Amino acid sequence: MEGVSKIFGGVMDAKEGNVRNLLSALDEHQSLWTEPQHELQFYFSKIGTLLGTAPTRDRGLIALSHLVPQCPLDILEEKLQYYVSVCSKICNQKGHVASIPLAYNVLKQLLLKSLESSDLNKLAISAIPKLMDNITSSIDPSTHASTLDFLETSMLHYPGVTGSAKTRIEDFLYSLVDSEDPLVVERTGRCLVQLQQIRGGGQHGSLHKKTWDEYQCKLVDTVHDLLGKVFAHTPETFDLDENLECLKLPKLVIDDEPVVIARRVVNRLLNLISYLEEAIVQPYPVAKPFRPMKLLNVVIRGHSVSCQGMAKNTIQENLAFGMLLPQIQVQLLKVLDALVLVLKSNMIPFGNLITDLFDQCLKGTLTSNAKGRKKNYIALRSKAYESIGLWCETTKYASGIEECTDSLLEHIVKDVAPFESEVTLQVNASRQKLSAKAKKKLQKEQNAATSLAKTHSTNSFENSKHLQSDFGNETLCLAALRCLVKILNAAGCFIKPIMQKLIQEKIVSLCFSVFSQLNTGIRQNLYFEPNCRKALLSALHAMIINPHHLCPPPLQYGVHLFSVVQVQDPSGDVRARASELCRSTEVLVHPRKEVFYFPVEENAFKDMMAAKRKHPLNSQFFSAKRSYDANKNPNSFEKKVNNVEVEPTMADVEEPVEDSEGHEPIAIVEEVTIVDKKSPDVVYNLNDSENGRNFNSGKLQKSLNNKTVESSTIEIVSGEEDSEVELVDAVDVLGKPKENVEVKAISSEKNVKKNDNSECSEASPKRQSEAGAQAENNVTSGKKLKQNPEMQDVDARVDSLVAEFVDELNDDV
């Protein structure tokens, strides 16, 4: 939209809350950067005015951070020093605290922009050391996130300059080890990884490897040290080396309150585990020297103790640590996921340890009386299912998950089964025609059944005052179903047939039960969530495509369910998923047959190639390549096929003269089809004495080798407007066709033949006589060839078509 940039001044005068929205709307039109240079200078001078005063400084920083990524380099080179000085003063605690994050955001954009220009790069290198002086541990906590973002950008793109301030940066990062802001924790972990590589890598990156290995070992030892504090009052079965080399972190503040102590220790432990995860997944200049067993020991130790084990010691501090233990175990599973994602198949040798860890985690969080209410340890069990799915998806058939599928599938079935109310039925048998002894025995049995029913009813949730539902268990159900899909895809064919049959019956009956009650008004809390129903359909599909060879898949049930759900389910996402699975299953029911290959006819192939070149999208798809080829050889009509060069001679082409308006008419060549023919045989009369002597001496053989074939003569006959002109087939003097060249051209508005005498005057007499004789032979022989197409050589035409097809493929590539 034209003229939108004229309201730039009004946008800058708006309040701070509306400046971002107005700048985003202005950026949508992209008309600001089409203004003249003096207008852009005026806009940026307006921003400089806003930066000069304290009340409007925030608006200027917001506008500057929005405009810098697209700012022209010449304008930025003039004003970079001023912008850096203003932001440096703001970051040096001389401005409003709320302005510091905006200033660091501007500095980050300036650093990224400086990579595009050598002059800006020099200015940035000279300004970074001064900016590093503002980074101290005493800055306001609200500015930590923006400071870390700027610091990460500086260390990533200017590691050499920031290397001089490594000690200052390290102290600042270690001071944030007790932060409770997830964004600050994540960025601190990334900055610690960048800190290991800002002083050069040495020869072949040896220094980078050494610093990363030291950082890895110290970080793992620090985590072990804090785990020792968590399990101080709980017996452990894990053997640990006592010589630990920890990071030089600030001393942990100890309070008299046990719960507060536990919270601070666990918070630092969670942050350090997050740093370890970032160290594993973040990129590094060289290959990282991982120690998989050392990293796995951290995860195994954290899961070696359960909450039930810690509850045996009723010390208040121990109970506080036990309350926070599931958070530690969830974070450790994230470290395991990072190892699996990075090392991939290198973790297969540790597969037994990993699968045992998963089984131990699920068994330690299993609760028996959890029907009709929210289950325990939902976050930990959901993360365990997610880690199992990632392990199966990464290692596939080498996962070894089939070794523990019995217990694993048992956990999954318990977590995906919805709550069903129980009803106790009591049947009284008839006492007619019974003896006294039989009646007495029946009475005892009824009394025993009644007491059993009363006990069952008393312990059930039917008589409790709690709301009986699965509300809150949807996350766990979704994670369990997704894990089941990954297990079936990775090891479905390795699961025992009896387990396959049991899980099939459970999932199929669950599908029919869930989808039959959707439109009846009965709300089932567990599968009322659309994502759970989608995961249930995916589990059924996974059982169909990954069956055991001794256990047939439930294909008929699946097709019926997918067909019904894609029509009747109230959720559009579920219907779309069911439709997709139905099409996938249809391929199994009706597999595709072999396709018969019928050779393409020659005329159909030629029509297809011609239609491709004339298609309107052809110029859009290959515009860049065609323009490059045109610039490379704009005036050449040469085409080489099988080392035969065809070049039209200008003496044989009638050039149109200029029209009355002075414009030169041009004949545009649309299509050139070249069909190679065999070179003509030259017949010599050996009865001639001279030919006989040349043949005996070998001169005649040399003359045959040096003999060249004249190129075809192209004759463009002018006619009416927009008429098509074809080249007459050329033949040699013996009447045999040399080459068949078809040229389709659009004639200009006025094509006038040049005088043949003017051409003859420019050429030699011998060449004129040969061209005239050849042109006559071309016309007569061309008519004969058109009347008798059987005379053409079929093999030569096929070779020409193949050569043309190869050329077209090369052009497309």
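The values are calculated or read from the model by the stated rules, or taken from the named source; none is laboratory data. All values derive from a computational prediction rather than experimental measurement. Cβ placement follows ideal geometry from the backbone for every residue including glycine, while neighbour counts extend to all protein chains displayed. These accessible areas exclude ligands, DNA and RNA; they are computed on the full protein's heavy atoms, side chains included. Shrake-Rupley method; radii C 1.70, N 1.55, O 1.52, S 1.80 Å.
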_Suppose the filter is in contact with a helix residue (DSSP H, G or I) (Cβ under 8 Å, 6 or more places away or on another chain), open to solvent by less than 50 Å² (accessible area, probe 1.4 Å) and either modelled with pLDDT under 90 or at negative phi (or both); does Val298 pass it?_
yes
*Could you please tell me which pairs satisfy a Cβ distance under 6 Å, a separation of 6+ or placement on different chains, a first residue in segment 230-252 that is under 18 Å from Val220 (Cα atoms), and a second residue that is of a type in the set (D, E, K, R) and outside any loop (DSSP other than H, G, I, E, B)?*
Phe238/Arg301; Leu244/Asp221; Leu244/Asp225; Glu245/Lys218; Glu245/Asp221; Cys246/Asp221; Cys246/Asp225; Leu247/Lys218
*Pairs under 7 Å by beta carbon, first residue touching a residue at least 40 places away in the same chain (Cβ under 8 Å) in segment 475-486, partner among the charged types (D, E, K, R), six or more apart or different chains?*
Leu476/Lys375; Leu476/Arg381; Leu476/Asp415; Cys477/Asp415; Ala479/Glu386; Ala480/Asp415; Lys486/Glu393
*Subset of segment 524-553 [under 27 Å from the mean Cα position of the chain (by Cα) and more than 17 Å from Ala578 (Cβ to Cβ)]*: Asn546
*From Ser382, Ser368, grab the single residue that is hydroxyl-bearing (Ser, Thr, Tyr), modelled with pLDDT of 95 or more and either touching an Asp or Glu at 6+ places or on another chain (Cβ under 6 Å) or closer than 20 Å to Ala480 by Cα (or both).*
Ser382
*asked:* Quick check on Glu180: is it open to solvent by 70 Å² or more (accessible area, probe 1.4 Å), part of a loop (DSSP other than H, G, I, E, B) and either touching a residue at least 40 places away in the same chain (Cβ under 8 Å) or among the aliphatic types (A, V, I, L, M) (or both)?
replied: yes
_Which listed residue, of Lys229, Lys218, is assigned to a helix (DSSP H, G or I), farther than 26 Å from Leu341 by Cα and in contact with a Leu (Cβ under 9 Å, 6 or more places away or on another chain)_ = Lys229
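Conditions (1) over 20 Å from Ile328 (Cβ atoms); (2) within 32 Å of the chain's Cα centre (by Cα); (3) crowded, with 18+ Cβ neighbours inside 10 Å; (4) not hydroxyl-bearing (Ser, Thr, Tyr), marked per residue:
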| position | (1), (2), (3), (4) |
| --- | --- |
| Phe172 | yes, no, yes, yes |
| His208 | yes, yes, yes, yes |
| His233 | no, no, no, yes |
| Lys251 | yes, no, no, yes |
*Determine if segment 256-277 includes at least one residue that is of a type in the set (Asp, Glu), at negative phi and surrounded by fewer than 18 Cβ atoms within 10 Å (Cβ to Cβ).*
yes
_Condition met for Ala398 (within 19 Å of Gly302 (Cα to Cα) and under 35 Å from the mean Cα position of the chain (by Cα))_ = no
*Counting only residues that are aliphatic (A, V, I, L, M) and either in a helix (DSSP H, G or I) or buried (at least 18 other Cβ atoms within 10 Å of the Cβ) (or both), how many does segment 285-295 have?*
2
_Checking Asp149 against (1) surrounded by fewer than 21 Cβ atoms within 10 Å (Cβ to Cβ); (2) under 24 Å from Cys87 (Cβ atoms); (3) in contact with an Asp or Glu (Cβ under 9 Å, 6 or more places away or on another chain): exactly one of these is not met. Which one?_
(3)
*asked:* For segment 241-248, check the following and say yes or no: at least one residue is closer than 28 Å to Arg190 by Cβ, in contact with a Lys or Arg (Cβ under 7 Å, 6 or more places away or on another chain) and surrounded by fewer than 12 Cβ atoms within 10 Å (Cβ to Cβ).
replied: yes
_Out of Phe494, Phe528, sole residue that is more than 22 Å from Cys404 (Cα to Cα), surrounded by fewer than 22 Cβ atoms within 10 Å (Cβ to Cβ) and not β-branched (Val, Ile, Thr)_ = Phe528
*With the condition kept exactly as written, say whether any residue in segment 586-601 is open to solvent by less than 40 Å² (accessible area, probe 1.4 Å), assigned to a helix (DSSP H, G or I) and at pLDDT below 95.*
no
